[in-house]
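Take this structure, written in C-alpha cells, and hold onto it; I'll ask about it next.
The values are calculated or read from the model by the stated rules, or taken from the named source; none is laboratory data. Every value quoted in this text rests on a predicted model; they were computed, and no experiment measured them. Cβ: placed from backbone, ideal geometry, glycine included. Neighbour counts: every protein chain shown. Note: accessible area is taken over every heavy atom of the protein model, side chains too, but ligands, DNA and RNA are not part of it. Shrake-Rupley method; radii C 1.70, N 1.55, O 1.52, S 1.80 Å.
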Amino acid sequence: LHPSTMQYGNTINRWYQTNDLKHAKRKSLSQTLIKPTHDIHYRPTFAECLSLLKEISQADECAMDIEVMPGFQVSMISYSWHDKESVSIPYGKGGWTLEEEAMLWHHTAVLMASPTVVKIFHNGIFDTQFLLQNHAIHVAPPVDDTMVQYAVMYPEFRKGLAVLSSLYTDQSFW
C-alpha cells in the first residue's frame, strides 16, 4: 500500500500500515535478523512420503493446502502438523510410478477421512470440493477453515493467506 493511503481516511488501510510499522519496530529491536526455523520436507522420497502421511494421520491437527495446475490436476499437497514441521508432496507429475501414486492417494484419502485429525484449510471450500469432485476423496470432520474464520471476525478485511501470514507470523513472503 502506498503510504499516502493513511492520510485519506481509509481506516482499514491505516490498520494494515500501523500493523506493518509495529512489526518493523519489533524486528528493529534486534541487531540481527531472526528468521523462523522450520523443518520443511520438500521433494521427499516415496518412502518419506508414506512415513510422513502415516505420522500426520496420528497428529491431533494438520494444516493443509492443495495446489492445482492447469488441467485441474493436483500438483502438490502441503501439510503442516507441527508448528515447525511441514512437507510438500508432489502428485500428478511427481515422478512416481502409477502404483506409488495410487498408494499416495490412498494414504491421502485415509488422512482426509480421519475422524480424529482436525484438518485445517485456508479456503477449504475449494480444497475439499476439489478433492471430492476430482479424486473422490471425502474430507471428514473435524475441519477448520482459517479464511472463513477470519472473514467472520473481520468481514471488511482482506483474507488471503499472504495477508494473514504477514499480519500474524514472522514468515517471509513465499
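Would you be able to tell me the number of residues in segment 87-146 that are within 14 Å of Met76 (Cβ to Cβ), in contact with a Leu (Cβ under 9 Å, 6 or more places away or on another chain), part of a helix (DSSP H, G or I) and of a type in the set (A, V, I, L, M)?
Residues in segment 87-146 being within 14 Å of Met76 (Cβ to Cβ), in contact with a Leu (Cβ under 9 Å, 6 or more places away or on another chain), part of a helix (DSSP H, G or I) and of a type in the set (A, V, I, L, M): 1 in total.
Just need a number here: residues in segment 70-98 that are among the aliphatic types (A, V, I, L, M), closer than 15 Å to Phe121 by Cβ and open to solvent by less than 30 Å² (accessible area, probe 1.4 Å).
The initial filter retains those residues of segment 70-98 that are among the aliphatic types (A, V, I, L, M), namely 74, 76-77, 87, 89, 98.
From the residues that got through so far, the ones that are closer than 15 Å to Phe121 by Cβ too are 74, 76-77.
Within this subset, residues satisfying the condition of being open to solvent by less than 30 Å² (accessible area, probe 1.4 Å) are 74, 77.
Total meeting the criteria: 2.
Collect the residues in segment 1-20 that are surrounded by fewer than 11 Cβ atoms within 10 Å (Cβ to Cβ) and at negative phi, keeping them in residue-number order. If you could, list the steps in order and put the result at the bottom.
Of the residues in segment 1-20, the ones surrounded by fewer than 11 Cβ atoms within 10 Å (Cβ to Cβ) are 2-4, 7-9, 11.
Hits for segment 1-20 are His2, Pro3, Ser4, Gln7, Tyr8, Thr11.
Another question, if that's okay. If we keep just the residues of segment 35-47 that are in contact (Cβ under 8 Å) with a residue 24 or more places away in the chain and outside any loop (DSSP other than H, G, I, E, B), which is most open to solvent (accessible area, probe 1.4 Å)?
Narrowing segment 35-47 to residues in contact (Cβ under 8 Å) with a residue 24 or more places away in the chain: 35-44, 46.
Filter once more, keeping what is outside any loop (DSSP other than H, G, I, E, B): 39-42, 46.
On the way: Asp39: 76, Ile40: 102, His41: 47, Tyr42: 135, Phe46: 43 Å².
Ranking the candidates gives Tyr42 first.
Tell me, yes or no, whether segment 50-67 has at least one residue that is in contact with a Pro (Cβ under 9 Å, 6 or more places away or on another chain) and hydrophobic (A, V, I, L, M, F, W, C).
Just the residues of segment 50-67 that are in contact with a Pro (Cβ under 9 Å, 6 or more places away or on another chain), to begin with: 51-52, 61.
When the remaining residues are screened for being hydrophobic (A, V, I, L, M, F, W, C), the result is 52.
Yes: segment 50-67 contains one or more residues that are in contact with a Pro (Cβ under 9 Å, 6 or more places away or on another chain) and hydrophobic (A, V, I, L, M, F, W, C).
So which of Ser78, Ser51, Ser30 ends up being touching an Asp or Glu at 6+ places or on another chain (Cβ under 6 Å) and without any contact (Cβ under 8 Å) to a residue 40 or more places away in the chain? Steps first, answer last, please.
Working: Ser51 fails: touching an Asp or Glu at 6+ places or on another chain (Cβ under 6 Å); Ser30 fails: touching an Asp or Glu at 6+ places or on another chain (Cβ under 6 Å).
Of Ser78, Ser51, Ser30, the one residue that is touching an Asp or Glu at 6+ places or on another chain (Cβ under 6 Å) and without any contact (Cβ under 8 Å) to a residue 40 or more places away in the chain is Ser78.
Taking Val139 as the residue in question, decide whether it is β-branched (Val, Ile, Thr), open to solvent by less than 60 Å² (accessible area, probe 1.4 Å), closer than 15 Å to Lys54 by Cα and modelled with pLDDT of 95 or more.
Working: β-branched (Val, Ile, Thr): yes; open to solvent by less than 60 Å² (accessible area, probe 1.4 Å): yes; closer than 15 Å to Lys54 by Cα: no; modelled with pLDDT of 95 or more: yes.
No, not satisfied.
Name the residue that is most open to solvent (accessible area, probe 1.4 Å), counting only residues in segment 152-174 that are within 19 Å of Ile120 (Cβ to Cβ) and in a loop (DSSP other than H, G, I, E, B). Walk me through it before giving the result.
So the first thing to find is which residues in segment 152-174 are within 19 Å of Ile120 (Cβ to Cβ), and the list is 152-154, 159-169, 171, 174.
Restricting the remaining residues to those that are in a loop (DSSP other than H, G, I, E, B) gives 154, 159-160, 169, 171, 174.
Details: Tyr154: 83, Lys159: 78, Gly160: 35, Thr169: 56, Gln171: 81, Trp174: 168 Å².
Of everything passing the filter in segment 152-174, Trp174 is most open to solvent (accessible area, probe 1.4 Å).
Please go through segment 124-135 and pick out each residue that is more than 14 Å from the chain's Cα centre (by Cα) and either touching a residue at least 12 places away in the same chain (Cβ under 8 Å) or open to solvent by less than 30 Å² (accessible area, probe 1.4 Å) (or both). Before you say what the answer is, go through the steps one by one.
At the first step, the residues of segment 124-135 found to be more than 14 Å from the chain's Cα centre (by Cα) are 129-135.
The answer is Phe130, Leu131, Asn134, His135.
A further question follows. Considering only residues that are of a type in the set (Ser, Thr, Tyr) and within 14 Å of Val68 (Cβ to Cβ), which ones fall in segment 89-143? Spell out how you get there, then give the answer.
As a first pass, look at segment 89-143 and keep what is of a type in the set (Ser, Thr, Tyr): 91, 97, 108, 114, 116, 128.
Matches in segment 89-143: Tyr91, Thr128.
Oh, and also: Can you name the number of the only condition in (1) in a strand (DSSP E or B); (2) touching a residue at least 12 places away in the same chain (Cβ under 8 Å); (3) open to solvent by 30 Å² or more (accessible area, probe 1.4 Å) that Glu67 fails?
Looking at each condition in turn, Glu67 falls short on (2).
So, one more: Restricted to segment 99-131, and to residues that are in contact with a helix residue (DSSP H, G or I) (Cβ under 9 Å, 6 or more places away or on another chain) and aromatic (Phe, Trp, Tyr), which residue is nearest to Cys49 (Cα to Cα)?
Keep residues of segment 99-131 that are in contact with a helix residue (DSSP H, G or I) (Cβ under 9 Å, 6 or more places away or on another chain), which gives 100, 103-105, 107-112, 114, 116-117, 119-125, 128, 131.
Add one more test, that the residue is aromatic (Phe, Trp, Tyr), and what stays is 105, 121.
On the way: Trp105: 11, Phe121: 20 Å.
Residue satisfying both the conditions and the ranking: Trp105.
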